[in-house]
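The values are calculated or read from the model by the stated rules, or taken from the named source; none is laboratory data. This one's a predicted model, so the numbers in the text were calculated from it and none came from an experiment. Ideal geometry is used to build each Cβ from the backbone, glycine not excepted, and the neighbour counts take in all protein chains shown. When the accessible area is computed, the model is the full protein with side chains, heavy atoms only, and any ligands, DNA or RNA have been set aside. Shrake-Rupley method; radii C 1.70, N 1.55, O 1.52, S 1.80 Å.
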Amino acid sequence: MNENLFASFAAPTILGLPAAVLIILFPPLLVPTSKHLINNRLITTQQWLIQLTSKQMMTMHNTKGRTWSLMLMSLIIFIATTNLLGLLPHSFTPTTQLSMNLAMAIPLWAGTVVMGFRFKTKNALAHFLPQGTPTPLIPMLIIIETISLFIQPMALAVRLTANITAGHLLMHLIGSATLALSTISLPSTLIIFTILILLTVLEVAVALIQAYVFTLLVSLYLHDNT
């Protein structure tokens, strides 16, 4: 019986009911919190990483843009924990679903664009027509810039979906090859298993990097419109 390669990306169900919402709400519970005056090493390291990331993203923003800092930090933590959770065996990665990524990308992109047209109307409109454009090219450039503006949320969602899905598929294929060769050749099995371990380490890095890239691009869109 042939196994469906994309079966692991299907939305899970419990007693016939979709369980994607419960899975999406689960990763935030993994982030430790503390009510003590003196934090332990885990909480201290977590706070240091959040402050470092927040400082790096918010340095280029003005006062209005820095009001998004809590949202952006929550976004990067959510995407990172969701991606890492999907690396566990028999788990489901919500960020492999294009619909979910679009549900994150479109409102954030729309919020930055609305802020741009509200507070920096002239600069927002100036992006549609570069200075010094020849008159015959004006209609074409306006159409091109408008299309590129509306493609931004799609690019955000597709980039995250493609990178996470490709890594999971590659791990699935190499894992299947390891099991198939385990009864044929032990040296080949050890070599492929070593490759699988290295790929797993790489996927952990990719999960964190993609969360950072997604949030950084939203931050850049915000910077252009505030």
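Need pairs with beta-carbon distance below 7 Å; first residue touching a residue at least 12 places away in the same chain (Cβ under 8 Å) and within region 168-190, second buried (at least 16 other Cβ atoms within 10 Å of the Cβ) and of a type in the set (Ser, Thr, Tyr); sequence gap 6+ or separate chains.
Once the first residue is touching a residue at least 12 places away in the same chain (Cβ under 8 Å) and sits in region 168-190, its partners that are buried (at least 16 other Cβ atoms within 10 Å of the Cβ) and of a type in the set (Ser, Thr, Tyr) give HIS168/SER8; HIS168/THR93; HIS168/THR96; HIS172/SER8; THR178/THR189.
Out of everything in region 109-164 that is more than 17 Å from LEU222 (Cβ to Cβ) and touching a residue at least 60 places away in the same chain (Cβ under 8 Å), what residue ends up being most open to solvent (accessible area, probe 1.4 Å)?
Only one residue fits best here, namely VAL158.
Go through region 168-226 and report how many residues are open to solvent by 80 Å² or more (accessible area, probe 1.4 Å) and farther than 30 Å from LEU72 by Cβ.
12
Any residue at all in region 59-70 that's open to solvent by less than 90 Å² (accessible area, probe 1.4 Å), within 30 Å of GLU203 (Cα to Cα) and not hydroxyl-bearing (Ser, Thr, Tyr)?
For region 59-70, residues open to solvent by less than 90 Å² (accessible area, probe 1.4 Å), within 30 Å of GLU203 (Cα to Cα) and not hydroxyl-bearing (Ser, Thr, Tyr): present.
Could you tell me which of the residues LEU137, LEU70 is closer than 30 Å to LEU208 by Cα and either β-branched (Val, Ile, Thr) or assigned to a helix (DSSP H, G or I) (or both)?
It is LEU70.
Could you identify the single residue in THR165, THR81, THR63, THR146 that is assigned to a helix (DSSP H, G or I) and under 25 Å from ASN225 (Cβ atoms)?
On inspection, the qualifying residue turns out to be THR146.
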